[in-house]
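Visitor: Can you keep this structure in mind? I'll have questions shortly.
The values are calculated or read from the model by the stated rules, or taken from the named source; none is laboratory data. Source: prediction; values computed, not measured. Ideal geometry is used to build each Cβ from the backbone, glycine not excepted, and the neighbour counts take in all protein chains shown. We work out accessible area using only protein heavy atoms, side chains counted, and drop any ligands, DNA or RNA first. Shrake-Rupley method; radii C 1.70, N 1.55, O 1.52, S 1.80 Å.
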Amino acid sequence: MCNQAFYRKFGGTPKETLGQPLYQLRGRLFDSPGLRTLLEAVLPKNTAFDDFAHSVELPALGHRVLLLNARRLYREEHKTDMILLCMEDVTEKHAAAEVRATLAAIVENSDDAIISKGLDGTIRTWNAAAERLYGYTAAQAVGQHIGLIVPPERRAEAATILERISRGERVKSLDTERIRKDGSRVGVSVSVSPIHDAIGRVVGASAIDRDITERKAMEHALRETAQLLEDISSTSPAVLYAMTVRDDDTLVPRWVSRNITTTFGFSVGEALSPDWWNGHLHPDDRAECLARMEQLLARGSLAHEYRFLRKDGTVVWIRDDRRVVRDPAGRPRQVMGAWLDITEQRRLEEQFLQAQKMESVGRLAGGVAHDFNNLLTVITGTVDLALPGLQEGDPLTADLKEIQQAARRAAALTQRLLAFSRRQVFQPRVVNLNDTLAELEPMVRRLMGEDIKLVTALGAAGNVRVDPSQLTQVVMNLVVNSRDAMPSGGTLTLETADVDLDEAYAGRHMGVSPGPYVMLAVTDTGIGMDEATSRQVFEPFFTTKGVGRGTGLGLSTVYGIVKQSGGNIWVYSEPGVGTTFKIYLPRVAAPVTAIEPAVPASSARGTETVMLVEDEAGLREVARRILEGAGYAVLTAATPGEALLSAERFHGPIHLLLTDVVMPTMRGPELAERVIRLHPETKVLYVSGYAENAIVHAGELKEGTHFLSKPFDAVTLARKVRQVLDSPSA
């Protein structure tokens, strides 16, 4: 027999069911090995079995779980008449039990502490992770108030959480602190949810406490690392930046270091604007920069230099180094780069190139001037010898004087070339710059004229060691240059001051050594110059004046004299505003040198013996005639070898050795040393056209050296020979 519930669950009718084998009933629904064993093997030996779970597939209901219970019914003693089989559909209960078991396993095996509590704060459940985190076992914690693990200063916070839970709210990821059993503190992230009963009432709270000690340590380390990187990038001379590469290969600013404000004047926010970089490229460099950017993603890296506009509008040169960062598939994702302000480096490079160019031109000019001086000496000496022999009114007199004037002008030109090339021999002494300017002031006023106002601002200026005649040439050349720059009148200011140039200044100006200097500034309110002109003003033969109004050697002469004196000169100018030349000469503590009286022309004669050594035949002959004309006995030699042979054979005194410094086989100083061994009484007068030789250092004569610079005339030679012969012996 089967009751109606059987037919409702499995279908069918009594006619189809009753009398059929159980294991074949309704598609063998009960053909289970376990059930067969119970019914055929276990049950005969026992009176019953309970709660056997049997899984079946029902056509209408699908998979179901049946709980089977069986009893033996007896009609006679120990004789089974039938078996009563009761079946209960426990599918939903079974599923719920599985869920509960799964949840219990998840809770128990979770790495997070999971705690349930009543609304009064009493702990109800306490998983294994809670034991590990807080140190209390479940037996120790369950039944205790949650305050067991809440620090005193956090209990108001815990009460607020329970109040919110009682209203059905949830608390997510609240970072707070808890106390372990050993009294130590632990940082946790707490998420709390309400627990509802069957009719929806909030009856408790479930809390998940996650240990965030490691996370906090990582966050702290990340903050420290980020701050360190920020500090490093902020103190770096380069501005660091990062850009994101979109799928369409466009670049979007992502990050830039804070030092962009000190370098370019922009805030970080401004620099992260998408159009900021493009918008501040120098107009002349924009096309090239954008073209290079198109090559970046393909090449992977890029370094180039271009001009950029600071926020205040000033132009700076920057070096931009960029590198592409790709993902594992090779797709560009980021661009990392650095902007380095190289404006100062560029300026120093330009100074270096300019100095190299000036040095090359100087070597050429010095060589030309040296050879030309020999020719000029022959010309001037020959003219000086020829003029006294002419009768008054002789038509050749005027021609010779014209030659003489032309030779003097040519000599002045060669002196300028030598000054520029720093091969002019200068005979320095200690002077006071203010005293020199005071002496030159009347001459300067005459040069300026009435429409130019002269202002002198002579400050406390120490002494400098220079060649006085060359210092005068420097001042006058600058004054004339300023006058020509003020055709409609203006103001010329001469200013002096003691200054101390530090390491920072020396670092910004090539060739400058830090130390004490005397500054001379010559300022005019003339037409001024643009930057390109200012860079060329010291080059020889460069001039802005019209044809026939200048040789272009005035400022180059000033440049050479200042450099040879150990100083520096800089020009500052602006079109329509005026120009300032600033000269810095090394300041010395020595007192001003007394001036020696010149030898009068009438006394420039003698009867002593002079040995003349000169490899240029024309110059040797002219010098011999000048000396003999002044009364001296002259021994001539074309080479040092001839001179030594003559000195050995000559048994009388040789009072003076007059020798060129640079000769093919032996230099003048070596010759002088060997002659003096033979004739200890001999004094020495060196002759040369320029300073690049053995008797000078940086253009300055060695102490006690007598020197005559080419070209010279007859009077100058006679005076110098007399001066040396009358000088005290060394």
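Visitor: Of the residues that sit in segment 307-333 and are open to solvent by 40 Å² or more (accessible area, probe 1.4 Å) and of a type in the set (K, R), which one is farthest from T261 (Cα to Cα)?
Guide: Applying the filter and picking the extreme gives R331.
Condition check ((1) within 18 Å of S116 (Cβ to Cβ); (2) modelled with pLDDT of 90 or more; (3) not aliphatic (A, V, I, L, M)) across all residues:
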| site | (1), (2), (3) |
| --- | --- |
| R164 | yes, yes, yes |
| V171 | yes, yes, no |
| D175 | no, yes, yes |
| K181 | no, yes, yes |
| R185 | no, yes, yes |
| P194 | yes, yes, yes |
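Visitor: Only residues that are over 18 Å from Q723 (Cβ atoms), outside any loop (DSSP other than H, G, I, E, B) and in contact (Cβ under 8 Å) with a residue 24 or more places away in the chain: list them for segment 654-688, please.
Guide: D660, G668, P669, E670, L671, R674, V675, L678
Visitor: Additional query: State all residues of segment 403-447 that are in contact with a Lys or Arg (Cβ under 6 Å, 6 or more places away or on another chain), crowded, with 19+ Cβ neighbours inside 10 Å and modelled with pLDDT of 60 or more; if no residue qualifies, say none.
Guide: P428, the sole residue that qualifies.
Visitor: If you don't mind, there's one more thing I want to ask. If I ask for residues that are modelled with pLDDT of 75 or more and surrounded by fewer than 16 Cβ atoms within 10 Å (Cβ to Cβ), which ones from segment 349-386 would you list?
Guide: A386
Visitor: Quick check on my filter: what residues within segment 205-250 are assigned to a helix (DSSP H, G or I) and in contact with a strand residue (DSSP E or B) (Cβ under 7 Å, 6 or more places away or on another chain)? Give the steps one after another, and end with the answer.
Guide: Here is the first cut: in segment 205-250, the residues assigned to a helix (DSSP H, G or I) are 213-235.
The answer is T213, K216, S233.
Visitor: Take the residues in segment 504-517 that are at pLDDT below 85 and more than 18 Å from Q564 (Cβ to Cβ); name whichever of them is most open to solvent (accessible area, probe 1.4 Å).
Guide: Here the residue is R508.
Visitor: Report every pair of residues separated by at least 6 positions or lying on different chains whose Cβ atoms are under 8 Å apart, first residue within segment 636-651 and closer than 15 Å to T665 by Cβ, second in a loop (DSSP other than H, G, I, E, B) and open to solvent by 70 Å² or more (accessible area, probe 1.4 Å).
Guide: Once the first residue is closer than 15 Å to T665 by Cβ and sits in segment 636-651, its partners that are in a loop (DSSP other than H, G, I, E, B) and open to solvent by 70 Å² or more (accessible area, probe 1.4 Å) give T639/P664; T639/T665; P640/T665; G641/T665.
Visitor: Pairs needed: first member in segment 154-173, closer than 18 Å to V188 by Cβ; second member anywhere, in a helix (DSSP H, G or I) and among the charged types (D, E, K, R); C-beta distance under 9 Å; at least 6 residues apart or different chains.
Guide: Every condition considered, the pairs that remain are R170/R164; V171/R164.
Visitor: Hey, V455 hits all of (1) at pLDDT 85 or above; (2) in contact with a Gly (Cβ under 9 Å, 6 or more places away or on another chain); (3) open to solvent by 20 Å² or more (accessible area, probe 1.4 Å) but one; which does it fall short on?
Guide: The number of the failed condition is (2).
Visitor: Give the residues of segment 271-288 that are surrounded by 15 or more Cβ atoms within 10 Å (Cβ to Cβ) and in a helix (DSSP H, G or I), sorted by residue number.
Guide: A271, W276, W277, R286
Visitor: From the list R185, R210, R170, R223, which one is more than 53 Å from the chain's Cα centre (by Cα) and open to solvent by 80 Å² or more (accessible area, probe 1.4 Å)? Write out each step before concluding.
Guide: Details: R185 fails: more than 53 Å from the chain's Cα centre (by Cα); R210 fails: more than 53 Å from the chain's Cα centre (by Cα); R223 fails: more than 53 Å from the chain's Cα centre (by Cα).
From the options R185, R210, R170, R223, the qualifying one is R170.
Visitor: Output the residue which, of all residues in segment 8-26 that are basic (K, R) and outside any loop (DSSP other than H, G, I, E, B), is farthest from E88 (Cα to Cα). Working first, answer last.
Guide: Within segment 8-26, the first condition is being basic (K, R), and the residues that meet it are 8-9, 15, 26.
From what's left, outside any loop (DSSP other than H, G, I, E, B): 8-9, 15.
Details: R8: 13, K9: 10, K15: 23 Å.
Checked segment 8-26; the qualifying residue farthest from E88 (Cα to Cα) is K15.
Visitor: Every residue in segment 188-204 that is assigned to a loop (DSSP other than H, G, I, E, B) and open to solvent by less than 60 Å² (accessible area, probe 1.4 Å), please.
Guide: Looking only at segment 188-204, we keep the residues that are assigned to a loop (DSSP other than H, G, I, E, B), and these are 197-201.
Result: D197, G200.
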